[in-house]
Amino acid sequence: MHEFGHYFTARYYRASVSLPYFIPAPPPIFLFGTLGAIIRMRSPARDRNSLFDIAAAGPLAGMVIALPAILLGLGWSVVEKIPQTGEFMRFGDPLLLRLLVYLKFGTIPAGMDVFLHPVALAAWVGFFVTALNLFPVGQLDGGRISYALFGPWHRTVGIVTFVSLLALGAITNSANWFVWAALLFFLIGFHHSPPLDDVTPLSPARRLLGVACLILLVLLIPPVPIDISGS
């Protein structure tokens, strides 16, 4: 859904674009069996408005599926006692999920936790992937949104985001964010090619939606994505 959001929006703007390529990643090396999907943009965006629309369409399309899935999955999830022995995997709670869990279950008693139904877990993955893509760095969806919003300041925004990721990893003692920061630095970088028309400003409505996308990033980031607990 995420990549088809990009695809159909790019086709609307008559951009040369490939169909989505699915990237398998067999477990147990990769926990969820996939690294998602990608599309190839063979032509530059016409202007900042089309650049923004193509970039924002992916995360928003993904959320159209993830939000109903999390509501359905939480309805099938249960609150149970945390195991005292053995190892178990804990998935970090982004702010949006914490709010939804509170609305569904209220305050969780000490020693108890919500054990997610597989549908809710799939939605969690959707939240997490959306958050990773919304980081305003380089050629990520968030990087393209950042370029449309901030123009020549997008590189500075990307560098600040990279430093913030390192700080988040240090504060939470989570290696996940150091790994993601390293991938951003070595594979993504901070560069973004300008659209053909880099003069026409972003429309006010798109600026508002761009700020909403940055807020969505904050709501979807789990401080510690995955943690192995127990003994």
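The values are calculated or read from the model by the stated rules, or taken from the named source; none is laboratory data. Because the structure is predicted, anything quoted here is derived from the model rather than measured. With ideal geometry, Cβ positions are generated from the backbone for all residues, glycine too; neighbour counts draw on all protein chains shown. For the accessible areas, the whole protein counts, side chains as well, though only heavy atoms, and no ligand, DNA or RNA atoms are used. Shrake-Rupley method; radii C 1.70, N 1.55, O 1.52, S 1.80 Å.
Within the bounds of the range 4-22, is there any residue that is of a type in the set (A, V, I, L, M) and touching a Leu at 6+ places or on another chain (Cβ under 7 Å)? So that I can check it myself, show each step before the final result.
Applying the first criterion (of a type in the set (A, V, I, L, M)) to the range 4-22 yields 10, 15, 17, 19.
With touching a Leu at 6+ places or on another chain (Cβ under 7 Å) added as a condition, the list becomes none.
Looking for residues that are of a type in the set (A, V, I, L, M) and touching a Leu at 6+ places or on another chain (Cβ under 7 Å), one finds none in the range 4-22, hence no.
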List the pairs whose first member sits in the range 11-23 and is more than 11 Å from R42 (Cα to Cα), whose second member is open to solvent by less than 30 Å² (accessible area, probe 1.4 Å) and among the hydroxyl-bearing types (S, T, Y), and whose Cβ atoms are under 8 Å apart, counting only residues at least 6 apart or on separate chains?
Y13/S50; L19/Y7; P20/Y7
Part of a helix (DSSP H, G or I) and within 24 Å of H6 (Cα to Cα): does that describe G142?
yes
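Show me the strands (runs of 3 or more DSSP E) found entirely inside the range 59-132 where at least 3 residues are in contact with a Ser or Thr (Cβ under 8 Å, 6 or more places away or on another chain).
Values: elements: 78-81, 87-91, 112-115.
By residue number, 87-91.
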Check off (1) over 20 Å from the mean Cα position of the chain (by Cα); (2) open to solvent by less than 70 Å² (accessible area, probe 1.4 Å); (3) among the acidic types (D, E) for D93 and give me the number that stays unchecked.
(1)
Which residues, taken from the range 42-81, are closer than 21 Å to G143 by Cβ, open to solvent by 20 Å² or more (accessible area, probe 1.4 Å) and more than 20 Å from the chain's Cα centre (by Cα)?
R42, S43, P44, R46, D47, R48, N49
